[in-house]
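Enquirer: First, the structure itself, so that you have it in front of you.
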Amino acid sequence: MLMSTIFSPAPLLAEGAGAGSSFAGLLPIFLMFGVIYFIVLRPMSKQEKERRKRVEGLQKGDKVVLQGGILGRVTNVEDPKIAIVEIAEKVRVRVMKKDINDTQASAMADDKNAKKSDDKDSKESKDDKARKSA
């Protein structure tokens, strides 16, 4: 008798929640995925599309950054998938266009923006330390 009352499904059914509350439990998860999409994934895909446009629009003489961080100048882009990049005086390398990371100007601009924000943060932290010591 004791075993039948302990394992009886009746108390579970009485305490069970309705179908509406199961959706309410999943709502925060959906909201988190939405926030992550709009804050992280969407801007990254936009940046990638812009980078692809810059790489596809390369012309002779453009300065580029290769995947390994090597800087060079495009000397030939006749083939739609391959570019010839000069990395030093009379040193030319055939490179797949997909392996060209970005143009040198946009890569350096991103570094400058990051450096400015780092400088700004360090300046603010120095100001905070000066205020605390005073």
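Enquirer: When the residues of the range 50-95 are narrowed to those that are in a helix (DSSP H, G or I) and in contact with a strand residue (DSSP E or B) (Cβ under 6 Å, 6 or more places away or on another chain), which ends up farthest from Ala109 (Cα to Cα)? Before the answer, list the steps.
Expert: Our first condition is that a residue be in a helix (DSSP H, G or I); within the range 50-95, this holds for 50-56.
Those still in the list that are in contact with a strand residue (DSSP E or B) (Cβ under 6 Å, 6 or more places away or on another chain) too: 51, 54-55.
Numbers: Arg51: 13, Arg54: 14, Val55: 16 Å.
Top of the filtered list is Val55.
Enquirer: Let me ask you something else. Restrict the check to the range 21-29 and report whether at least one residue is in a helix (DSSP H, G or I), surrounded by 10 or more Cβ atoms within 10 Å (Cβ to Cβ), of a type in the set (Phe, Trp, Tyr) and modelled with pLDDT under 90.
Expert: Within the range 21-29, one or more residues are in a helix (DSSP H, G or I), surrounded by 10 or more Cβ atoms within 10 Å (Cβ to Cβ), of a type in the set (Phe, Trp, Tyr) and modelled with pLDDT under 90.
Enquirer: Among the numbered conditions (1) modelled with pLDDT of 90 or more; (2) more than 20 Å from Arg52 (Cβ to Cβ), tell me where Met96 comes up short.
Expert: The one condition Met96 does not meet is (2).
Enquirer: Now a separate question. Does the range 59-80 contain any residue that is of a type in the set (Ser, Thr, Tyr) and surrounded by 12 or more Cβ atoms within 10 Å (Cβ to Cβ)?
Expert: Taking every residue of the range 59-80 in turn, at least one turns out to be of a type in the set (Ser, Thr, Tyr) and surrounded by 12 or more Cβ atoms within 10 Å (Cβ to Cβ).
The values are calculated or read from the model by the stated rules, or taken from the named source; none is laboratory data. Keep in mind the model is a prediction, meaning the values are calculated, not measured. Ideal geometry is used to build each Cβ from the backbone, glycine not excepted, and the neighbour counts take in all protein chains shown.
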